[in-house]
Amino acid sequence: MTDALQAFLQAASLEALAFPPGSRYHGIAIGQWTRSDGTSTAFVRRRTVPPPDRFVTLRLHTVAEGDRLDNLAATHLGDPQQYWRLCDANGATRPDDLIEMIGRALRITLPEGVQGGTTDV
């Protein structure tokens, strides 16, 4: 970001977003770590994965041979980069765990905190 843009944002009391709204890191703070030699390194603070029961299920998808999370996210969520939402909704910290077992039922859900649909699928 240019210095002029940063100055404008600060003057207008606007905060620059580090990650776009569709990112799993949207709203997560950026931290600064200062080494003993005085140099600083920026880092993304830890993101806590929400419990699966905080998501409303829209439908179930049965894992088939050849399924990929990016393709499932594109089909069910409209964006292949939203695969992380499938991980969150199904309690997976390792994405490949979701598609390793053929026949497994994956929950396709609304985003966290969005009400609607049904939890009884």
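The values are calculated or read from the model by the stated rules, or taken from the named source; none is laboratory data. Worth saying up front: this structure is predicted, and the values here are computed from it rather than measured. As a convention, Cβ positions derive from the backbone with ideal geometry for all residues, glycine included, and neighbour counts pool all protein chains shown.
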Scan the stretch 56-63 and tell me whether some residue there is outside the structural domain of Pro20 (by TED's automatic domain parsing) and within 13 Å of the chain's Cα centre (by Cα). no
Report yes if Ile102 is surrounded by 16 or more Cβ atoms within 10 Å (Cβ to Cβ) and modelled with pLDDT of 95 or more, otherwise no. no
Pick out, from the stretch 41-114, the helices (runs of 4 or more DSSP H) lying fully within it that include 3 or more residues that are under 21 Å from Gly22 (Cβ atoms). 69-77, 83-89
Restricting the stretch 34-48 to residues that are farther than 25 Å from Trp84 by Cβ and of a type outside the set (S, T, N, Q), the residue that is surrounded by the most Cβ atoms within 10 Å (Cβ to Cβ): Arg35
When you look at Asp70, is it outside the structural domain of Leu17 (by TED's automatic domain parsing), of a type in the set (Asp, Glu) and surrounded by 13 or more Cβ atoms within 10 Å (Cβ to Cβ), yes or no? yes
